[in-house]
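Undergrad: Let me give you the structure first, and then I'll get to my questions.
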Amino acid sequence: MESSSKAEEERARFEKRTQLKQLNTSLSNGGQAKAFDSSLKRHTALIKRIKQSIGADNHDQIFKDINQLALEKYIDEIASAIPEGIVRCKTEKDVWSATEVISALHRRFPSTFTPAVVGGLNNALAPTPKATLSAMPQEQRDKEESARVSRQRPVLRVCAELAIVGVIRDAPARSGGEWIMKALRDLLSNDPSLSSLPLLTTFLKSYARPYLGIMPPASSSKQVPASSEPGTLSAETTSAESEVFPARTNEAEELVERDIRERLKKMCEGYFDNVTKKLVIEHKRLQEQDRRNHEAYIRSGEIFEDRQQAYEKMTKSYEKLLSSCQTLSELLYLPLPTLPTSSQASSSIQIGSSAHSLLSDDAEELALAASGGKWEDEEERRFFEDIQDLREVVPRSILGIEDDREPAKDEDADKEKEEREREEVRKLEEELAGLSEEGAELNTNGNATLEDEDDEDDGMATPVPGSPKDISPNGTPALAPQGPSQLLTALLARLPDCTNRSLIDQAAVDFAFLNSKAARKRLVKFLTQVPKTRTDLLPHYSRFVATLNRYMPDIGSELVASLDEEFRYLQRKKNVVKELADMRRKNITFLSNLTKFKVVPPHLILHIFKVCLDDFSGTNVDSIALLLEGCGRFLLRNDETKQRFATMLELMKRKQSLQHFDQRQSLMLENAYYQANPPERAPRQEKVRTPIELFIRHIIYDILSKKTIDKVLKLLRKLDWDDAAVVRQLHKVFTKPHKLRYANIALLAMLTYDLQKYHPDFVVGIVDTVFEDVRRGLEQNVYSANQRRVATVKYLGELYIYRLIGSALVFDTLWSFVTFGHPEGHPMPGYPCSIDMPDDFFRVRLVCVLLDTCGMCFDRGSQRKKLDNFLVFLHVQYYALCKESLPMDVDFMLSDSLEALKTKVTAPKTIEEAAQAVDAMFSTAFQTAGLSMAEAEDADDSGDDSGDDDDDQRPANLVDYNSDDDGLGSSPIDEANRGPSPEPAVVVKVQENLGPSEEAEADFAREFAKMVTDTSAEARKVDRRTAQVLWESAALPNVVRSKRADGQDVEGQDGAMRFTMLTKKGNKQQTRQLAIPAESALAVHTRSAQMQDMVEHQHLKKLVLDYEQREEAEELKGIFRLSR
């Protein structure tokens, strides 16, 4: 049933096309006498309707307008609108409707409309220019090609119909098959990405029978068997065609000529062969990429995102190409090629103690996975393996290619090569065995071999590498190079700037168009004269040579011969070390890069390595190291060289163990060896974190900023604070400020302050941990933790700014920076400390960081005095002078910090001046606290015994600043009996009990009770008039109150007391002076009240001053206790 229905459809199509072709070729003009409408409105509507669509929906209306309108003046507009209307024809009915509309216009205006519309359709089928595509990025290029194929698909179908029905003709008596074949050839020939392949598929689905003479198989048919001969139609096609559509014996009935059908069929089959070749290449590439992904997964435990994306993109491209090939195979009835199965070819090698020990296949695969293959990464592999084929972009005639067949290999040459390789392996094994037996004679055979080579090469001309000529284009910039010589000169001048793959590949294409024997010789001469210092160009020049060497082998052979000759010359000049060092480096680097491109034969690079190994000393050690770094990894994993090179490497290791090399050479050889043969390493283990842990780290490390701190605080408060694991993780994050950006440490302290309102215990734990980290850093003083210590001290200062710690803790930390670890808490010159050496200035950096963070807060009052006292010890620098001279950066940092604090402390010039300043500072501090030096000495014993029992009081400490050798003793030194010394000793003792005694406490209680009683009784004694006067005095103007404060309201000379009376007249206040007798009750009560207020004021002032003195004395006492 399905076959009969297809036959009926094909017969119907054939009949319709035949009838329409007869109408188009007859060109009946019977309707010319009819009167046509020339209305502008109807013509405009017709053109608009044609632009919208000429499919089946508008077919009747357009036909009616064509038969009724004049149209002569609008032929060009209609012809330009036809391609735009064809684009919207998607179905077969729409395509046939468009064919009938164009045929009707063709019959009316064959000389004016037909050439115009054919030209428009030709332009619509033209491919996008290469220049336009190359200027687009890859993503935009893919979108443009996809849109072009969508536009051209209906246009191609309509053009194929028009070529059959006689509108498009190659000649008056022929169809338009030649025109269609030319359009298809233009679309498919310049399409390396196969983006026009869907157009060919669309064409074959509908027109394989009329244009190629074959019938496409049914959609349910299976794939063509691979046993059928490719390029020809099998017998099954003929039988199927005879069953579906009976063969026509009369060639005149065919709509397309036989020669066109055969040529078009041959073109399609050739295109299918090229597509299948690309399918096989893409299949191999996909398998290779899959193998590399597997190795990367074994090596690192994961496949990186960029590698995974590249693999997915390659898979999609391959599946799309495979689907297109399957469709073409069904339409052309050609078999698909057999795709190769994945083969894990091992390229690994392991160098063991025995040269004959070979690994098993599984062991080789594991070694390859562990070492990473020939290339270090995917980028390096693409650079050395993905070389463009000039045949795809340069015509074959220019490249000199006459036949696609590759020349047969010379069997004699292969046998000779194998014999030579076997002989080299045998010699290496013999030398290795002799070395293991003798153990001492290393270079006898090598020197003899080298002397023979020297004798042999003495007659040769010595190559003298020079610098490339200074080539610059002649003439003005407006004149471009014209001849091949000038173009080659411009190309060579451009080569040093080609420092990436795209530029060097384009340079290779440009040179291919200038290919000649003279140009190749000039290029080889230029490449041998690369400047000695431009070794960065050699990998790109090697890729340039490898690209050309495939079709111009004389370039690679002549360049390799020149480099080999230069190497022999350098071997004869081994005694010239410094002058030829750059030349040796350039020569070995160039050979190594050419080896990885397989331009240098394997036996030649192994021979060069063997020559250097025979005389394993001097400059040859450097050459071997360069060879191993340049191409050792490649040679050790290449199938052709891995066995021999492994033997050579083992020989090198044995010679290295028997010879004596200096430290530079030994380190260089070890690095080169492990770079060529890296040791196995275990995959990196990634720490597994819980989701809540990742969330906390994300909001603190990534999201936290000035704009988002409120949001972060809300998120932190929403966490489950009852969960111990969550609190523990938060504690970790909040006590490791070094993991944040340095600028965000202040924000972390702000978060800590905000959390104090809700979780005070959590904040206390953070503060404790921070102080423990500071103390641990002072105790260990590990260089690797310096950055962490800076961040912690910065965090400590920010915690003070946000009032989470007091100033006493900050000053304790500052003093610990300059005293911790030193004998008796006192740094002294000539007495180094193991955790604070004289050449270690990191504690000074920590002091500067803390002062820069919160030092500006200590700008007044007692805190300013404490800061000045500390700066006397730091900047007056008894501490700084005990170290070596400050480095420039530390000196500038300290100067900037002190300048920001606006201190008036001047730096001393000698250690004696610094010691005297420190003595004076401590003396002043204790005098301010109400203690004398003698009292401090007398309170020594009692203070030491009782200080530890009271947690609220700090024990007194003895700090001795004597610079003599015995000055670190614990016995106090009598200041009166101390002899003169360049560093006067200072004995500081703090009074043991600075708090009030029991008697003082009882006196204070009695006075306080009396004050309360007197105040309440006095309040009852004041009469109403006195209270009224006192109340009214509050309303006095400021000028009057200031005069009274200056003492003007005292008892006058006439025995009267002056009072100020305030009167008010309207809105104006007035004052009057009244003289009240001193004996009056008002004056007596006023005088007694003033005296009582004065006594209370003095008493409170004394209490406040005594309290401040006690606090300062306790601070000093705590400092000395900390330093001990």
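The values are calculated or read from the model by the stated rules, or taken from the named source; none is laboratory data. All figures in this text were calculated on a predicted structure; none of them were measured in a lab. Please note: Cβ atoms are built from the backbone with ideal geometry, for glycine as well, and neighbour counts cover all protein chains shown. Quick note on the areas: whole protein, heavy atoms, side chains included, nothing else; ligands and nucleic acids left out. Shrake-Rupley method; radii C 1.70, N 1.55, O 1.52, S 1.80 Å.
Undergrad: Can you tell me which of LEU71, LEU105, LEU46 is free of Cβ contacts under 8 Å to residues at least 40 places away in the same chain and on the phi > 0 side of the Ramachandran plot? Spell out how you get there, then give the answer.
TA: Working: LEU105 fails: on the phi > 0 side of the Ramachandran plot; LEU46 fails: on the phi > 0 side of the Ramachandran plot.
The match here is LEU71.
Undergrad: Sticking with this one: Give the residues of the stretch 483-506 that are out of contact with any Cys (no Cβ under 9 Å at 6 or more places or on another chain), within 23 Å of ARG381 (Cα to Cα), among the hydrophobic types (A, V, I, L, M, F, W, C) and in a helix (DSSP H, G or I), sorted by residue number.
TA: Passing the criteria: LEU495, LEU503.
Undergrad: (1) open to solvent by less than 10 Å² (accessible area, probe 1.4 Å); (2) modelled with pLDDT under 90: which one isn't true of PHE590, the others all being true?
TA: Evaluating PHE590 over (1) open to solvent by less than 10 Å² (accessible area, probe 1.4 Å); (2) modelled with pLDDT under 90 leaves (2) as the failure.
Undergrad: Looking at the structure I just gave you, is LEU628 farther than 20 Å from LEU537 by Cβ, at pLDDT 90 or above and in a helix (DSSP H, G or I)? Write out each step before concluding.
TA: Values: farther than 20 Å from LEU537 by Cβ: yes; at pLDDT 90 or above: yes; in a helix (DSSP H, G or I): yes.
It is true that LEU628 is farther than 20 Å from LEU537 by Cβ, at pLDDT 90 or above and in a helix (DSSP H, G or I).
Undergrad: Follow-up question, since we're still on this one. Yes or no: GLN388 open to solvent by 50 Å² or more (accessible area, probe 1.4 Å), under 30 Å from SER502 (Cα atoms) and either part of a loop (DSSP other than H, G, I, E, B) or at pLDDT below 75 (or both)?
TA: Numbers: open to solvent by 50 Å² or more (accessible area, probe 1.4 Å): yes; under 30 Å from SER502 (Cα atoms): yes; either part of a loop (DSSP other than H, G, I, E, B) or at pLDDT below 75 (or both): yes.
Yes, satisfied.
Undergrad: Let me ask you something else. Which one of GLU1112, GLU1108 is open to solvent by less than 80 Å² (accessible area, probe 1.4 Å), under 60 Å from the mean Cα position of the chain (by Cα) and touching a residue at least 12 places away in the same chain (Cβ under 8 Å)? Can you show your working first?
TA: On the way: GLU1108 fails: open to solvent by less than 80 Å² (accessible area, probe 1.4 Å).
Step by step, each of GLU1112, GLU1108 is checked, and only GLU1112 is open to solvent by less than 80 Å² (accessible area, probe 1.4 Å), under 60 Å from the mean Cα position of the chain (by Cα) and touching a residue at least 12 places away in the same chain (Cβ under 8 Å).
Undergrad: Hey, another quick one. What do you reckon, is GLN787 over 13 Å from PHE734 (Cα atoms), open to solvent by 20 Å² or more (accessible area, probe 1.4 Å) and either within 33 Å of the chain's Cα centre (by Cα) or basic (Lys, Arg) (or both)? It would help to see each step written out before you state the result.
TA: Details: over 13 Å from PHE734 (Cα atoms): yes; open to solvent by 20 Å² or more (accessible area, probe 1.4 Å): yes; either within 33 Å of the chain's Cα centre (by Cα) or basic (Lys, Arg) (or both): yes.
Here the answer is yes, as GLN787 does meet what is asked.
Undergrad: Please go through the stretch 650-669 and give me each residue that is over 14 Å from ASP622 (Cβ atoms) and basic (Lys, Arg), ordered by number.
TA: Listed by number, the residues that qualify are LYS653, ARG654, LYS655.
Undergrad: Let me ask you something else. Looking only at the stretch 190-208, filter to residues that are part of a loop (DSSP other than H, G, I, E, B) and either open to solvent by 50 Å² or more (accessible area, probe 1.4 Å) or of a type in the set (Ser, Thr, Tyr) (or both); which one of those is modelled with the highest pLDDT? Talk me through it step by step, then tell me what you get.
TA: Taking the stretch 190-208 and keeping what is part of a loop (DSSP other than H, G, I, E, B), we get 190-196.
Right, trim to either open to solvent by 50 Å² or more (accessible area, probe 1.4 Å) or of a type in the set (Ser, Thr, Tyr) (or both) and you get 190, 192-193, 195-196.
On the way: ASN190: 74, PRO192: 77, SER193: 80, SER195: 82, SER196: 85.
Per the criteria, the residue is SER196.
Undergrad: Answer yes or no: is there a residue in the stretch 691-703 that is surrounded by 11 or more Cβ atoms within 10 Å (Cβ to Cβ) and part of a loop (DSSP other than H, G, I, E, B).
TA: Within the stretch 691-703, none of the residues are surrounded by 11 or more Cβ atoms within 10 Å (Cβ to Cβ) and part of a loop (DSSP other than H, G, I, E, B).
Undergrad: Among the numbered criteria (1) part of a helix (DSSP H, G or I); (2) over 28 Å from GLU376 (Cβ atoms), which one does LYS706 miss?
TA: Failed condition: (1).
Undergrad: Moving on. Just to verify a result, which residue in the stretch 270-287, among those that are without any contact (Cβ under 8 Å) to a residue 12 or more places away in the chain and either open to solvent by less than 60 Å² (accessible area, probe 1.4 Å) or among the polar types (S, T, N, Q) (or both), is farthest from GLU385 (Cα to Cα)?
TA: Looking at residues that are without any contact (Cβ under 8 Å) to a residue 12 or more places away in the chain and either open to solvent by less than 60 Å² (accessible area, probe 1.4 Å) or among the polar types (S, T, N, Q) (or both), I get GLY270.
Undergrad: So, one more: Among the residues of the stretch 47-67, write down those that are under 19 Å from TRP96 (Cα atoms) and hydrophobic (A, V, I, L, M, F, W, C).
TA: Pass one, the stretch 47-67, residues under 19 Å from TRP96 (Cα atoms): 49-67.
Scanning the stretch 47-67 gives ILE50, ILE54, ALA56, ILE62, PHE63, ILE66.
Undergrad: Another one. Can you name the residue in the stretch 840-872 that is outside any helix (DSSP H, G or I) and in contact with a Lys or Arg (Cβ under 7 Å, 6 or more places away or on another chain) and is also farthest from ALA749 (Cα to Cα) among such residues? Walk me through it before giving the result.
TA: Here is the first cut: in the stretch 840-872, the ones outside any helix (DSSP H, G or I) are 840-841, 858-860.
Filter again for in contact with a Lys or Arg (Cβ under 7 Å, 6 or more places away or on another chain), leaving 841, 858.
On the way: PHE841: 27, PHE858: 19 Å.
Applying the filter and picking the extreme gives PHE841.
Undergrad: I'd like the full set of residues that are of a type in the set (S, T, N, Q), in a helix (DSSP H, G or I) and modelled with pLDDT under 85, limited to the stretch 243-276.
TA: Taking the stretch 243-276 and keeping what is of a type in the set (S, T, N, Q), we get 249-250, 274, 276.
Restricting the remaining residues to those that are in a helix (DSSP H, G or I) gives 274, 276.
If the condition is that a residue be of a type in the set (S, T, N, Q), in a helix (DSSP H, G or I) and modelled with pLDDT under 85, then no residue fits.
Undergrad: Would you check which residues across the stretch 555-581 are surrounded by 15 or more Cβ atoms within 10 Å (Cβ to Cβ) and either aliphatic (A, V, I, L, M) or touching a Phe, Trp or Tyr at 6+ places or on another chain (Cβ under 7 Å) (or both) and list them?
TA: If the condition is that a residue be surrounded by 15 or more Cβ atoms within 10 Å (Cβ to Cβ) and either aliphatic (A, V, I, L, M) or touching a Phe, Trp or Tyr at 6+ places or on another chain (Cβ under 7 Å) (or both), then ILE555, LEU559, VAL560, LEU563, LEU570, LEU580 are the ones that fit.
Undergrad: Go through (1) within 24 Å of PHE511 (Cα to Cα); (2) touching a Ser or Thr at 6+ places or on another chain (Cβ under 7 Å); (3) not aromatic (Phe, Trp, Tyr) and name the single condition ASN549 misses.
TA: ASN549 satisfies every listed condition except (2).
Undergrad: Out of all the residues in the stretch 873-894, which are at pLDDT 70 or above, part of a loop (DSSP other than H, G, I, E, B) and crowded, with 19+ Cβ neighbours inside 10 Å?
TA: If we filter the stretch 873-894 for residues that are at pLDDT 70 or above, which is where we start, we get 882-894.
Going one step further and asking which of them are part of a loop (DSSP other than H, G, I, E, B), we end up with 882-887.
Passing the criteria: CYS882, LYS883.
Undergrad: What residue, of ASP720, ASP710, ASP639, is within 19 Å of LEU740 (Cβ to Cβ) and more than 29 Å from the chain's Cα centre (by Cα)?
TA: Working: ASP720 fails: within 19 Å of LEU740 (Cβ to Cβ); ASP639 fails: within 19 Å of LEU740 (Cβ to Cβ).
Result of the check over ASP720, ASP710, ASP639: ASP710.
Undergrad: So, one more: Check LYS714 against each of (1) in a helix (DSSP H, G or I); (2) out of contact with any Phe, Trp or Tyr (no Cβ under 6 Å at 6 or more places or on another chain); (3) under 30 Å from VAL849 (Cα atoms) and name the one condition it does not meet.
TA: (3)
Undergrad: Please indicate, with yes or no, whether at least one residue in the stretch 224-232 is within 28 Å of LYS278 (Cβ to Cβ) and either at pLDDT 75 or above or among the aromatic types (Phe, Trp, Tyr) (or both). Give the steps one after another, and end with the answer.
TA: Going residue by residue through the stretch 224-232, those that are within 28 Å of LYS278 (Cβ to Cβ) are 224-232.
With the extra rule that they be either at pLDDT 75 or above or among the aromatic types (Phe, Trp, Tyr) (or both), the set shrinks to none.
Within the stretch 224-232, not a single residue is within 28 Å of LYS278 (Cβ to Cβ) and either at pLDDT 75 or above or among the aromatic types (Phe, Trp, Tyr) (or both).
Undergrad: For the stretch 59-68, enumerate the residues that are among the hydrophobic types (A, V, I, L, M, F, W, C) and touching a helix residue (DSSP H, G or I) at 6+ places or on another chain (Cβ under 6 Å).
TA: Step one: list which residues in the stretch 59-68 are among the hydrophobic types (A, V, I, L, M, F, W, C), which gives 62-63, 66.
Those that are among the hydrophobic types (A, V, I, L, M, F, W, C) and touching a helix residue (DSSP H, G or I) at 6+ places or on another chain (Cβ under 6 Å): ILE62, ILE66.
Undergrad: Taking the stretch 318-358 as the region of interest, how many residues are among the polar types (S, T, N, Q), modelled with pLDDT of 85 or more and more than 23 Å from TYR207 (Cα to Cα)?
TA: 0
Undergrad: Can you report the number of residues in the stretch 657-684 which are in contact (Cβ under 8 Å) with a residue 40 or more places away in the chain and either open to solvent by 100 Å² or more (accessible area, probe 1.4 Å) or of a type in the set (S, T, N, Q) (or both)?
TA: Start the filter on the stretch 657-684 by keeping residues that are in contact (Cβ under 8 Å) with a residue 40 or more places away in the chain, which leaves 658-659, 661, 665, 668-669, 671-673, 675-678, 680-681, 683-684.
Now narrow it down to the ones that are either open to solvent by 100 Å² or more (accessible area, probe 1.4 Å) or of a type in the set (S, T, N, Q) (or both): 659, 665, 671, 675, 677, 680-681, 684.
The total comes to 8.
Undergrad: Give me the helices (runs of 4 or more DSSP H) completely within the stretch 116-189, filtered to those with at least 2 residues that are surrounded by 15 or more Cβ atoms within 10 Å (Cβ to Cβ), ordered by residue number. Give the steps one after another, and end with the answer.
TA: Working: elements: 130-134, 138-165, 177-189.
Of the helices (runs of 4 or more DSSP H) lying wholly inside the stretch 116-189, those with at least 2 residues that are surrounded by 15 or more Cβ atoms within 10 Å (Cβ to Cβ) span 138-165, 177-189.
Undergrad: Let me ask something else. Quick one: in the stretch 299-311, of everything that is touching a residue at least 24 places away in the same chain (Cβ under 8 Å) and out of contact with any Asp or Glu (no Cβ under 9 Å at 6 or more places or on another chain), which residue is least open to solvent (accessible area, probe 1.4 Å)?
TA: SER300
Undergrad: For the stretch 704-724, which positions are open to solvent by 100 Å² or more (accessible area, probe 1.4 Å) and either under 17 Å from THR752 (Cβ atoms) or of a type in the set (Lys, Arg) (or both)?
TA: Initial filter on the stretch 704-724 (open to solvent by 100 Å² or more (accessible area, probe 1.4 Å)): 706-707, 710-711, 714, 717-718, 722.
Result: LYS706, LYS707, ASP710, LYS711, LYS714, ARG717, LYS718.
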